[in-house]
1. What is the P(r) of the chain, as percent of Cα-Cα pairs per 20 Å bin from 0?
2. Test of understanding: in a Gaussian network model of the chain with alpha carbons linked when under 10 Å, which of 304, 222, 77 would top the mean-square fluctuation ranking?
3. Give the distance, in whole Å, between the Cα centre of segment 164-197 and the Cα centre of segment 1-42.
4. May I ask what percent, to the nearest 5, of DSSP beta bridges between residues of the chain are antiparallel?
5. Comparing 303, 143, 240, which has the greatest mean-square fluctuation in the GNM of the chain with Cα pairs linked when under 10 Å apart?
6. When the chain is treated as a GNM, springs tying every alpha-carbon pair under 10 Å, which of 19, 306, 85 comes out with the largest mean-square fluctuation?
7. Over all alpha-carbon pairs in segment 123-263, figure out the percentage whose distance exceeds 27 Å.
8. For segment 284-402, what is the Kirkwood hydrodynamic radius in Å, using each pair of distinct C-alpha atoms?
């Protein structure tokens, strides 16, 4: 296992020097988060996802504490994405019907008169799996139609998981970014509504709503911590929406005393890391097949809004090899005695694998020191998905895939 591990990092030395910008962070304030969470709580399926304490693993790795927010339990959909998709779709519908965002509720959309008004309304998206499933589920619950496009090579299990919620689903030629562009073209051609978790010039309102939807995750975790504040937050980064939500929120909540934020990408799809490496203030796209087992993070083009937030305030950008995600999956599937088990897929487990490498592998001791990880560190990790590809999950955790 160790031979295949590769980790690189860039410190964003300007992040702590920048004063918070209202235009970037105010849309993700505590009051917004409370409104978003009230909406999610209105669903009959709502329950806070578990926050698992890895006491013995923390002792083993010589840090003070490790907490893992387990999103495999989110609304029965095995991933966190539904938080953003449901809130964004509800905001769009609410805007059409004149319902203020603060008043959004599942019960409103479940009424026959509202559903009649929504007849023929169609939302379209591109996905590698989890976001598309979330859009399909939310569309079904809120009484609208969904069309979902997936990139070439997408998992059959993830494809079928989307179709079961009634969405028109199709795999196209090309990678994830190609699927995003195709979905945008089809939205314009067919008068559909594009609900994508990445932003670009002229398309920022819906991605903002998606990022706001993810605030529920962090605010649940902080509530579950009961006043304990992490020193570090490790978060995965694909197009950057979840990482941006976490970053903007901790800036709003904690200001200069915020936890150190560590943004994690696959080395073969590291568009934020590469953009930071070029360091001209602009985002940069990576082309190619973006070949990584971390399908949920296989994105070559940073979201514009996410880039602005992370470039301004994120402390560290990290890339790592697929072997790091594999390591994390096996750690979570086989916990030390007394710690809870977490079923975590390739994208979900990469932060756990990264932490284990940084503090458990002598080759990365200097990296851990650069990230200010010490015996006093209290680290929050997000397991963003469960076994969204069950066959691959079993192969990896059983040791039959590397």
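Values in this text are rule-based calculations from the coordinates and carry no lab data. Source: prediction; values computed, not measured. Here the Cβ positions follow ideal geometry from the backbone for every residue, glycine too, while neighbour counts run over all protein chains shown.
1. The percentages, shortest bin first, are 30, 61, 9, 0.
2. Between 304, 222, 77, it is 222 that shows the largest mean-square fluctuation.
3. Here the answer is 27 Å between Cα centres.
4. Details: 10 of 40 bridges.
Bridges in the chain are about 25 percent antiparallel.
5. Checking each option, the largest mean-square fluctuation is seen for 143.
6. 19
7. Values: 2876 of 9870 pairs.
Roughly 29 percent, once rounded to a whole number.
8. On the way: mean 1/r = 0.0637 Å⁻¹.
Here the Kirkwood hydrodynamic radius works out to 15.7 Å.
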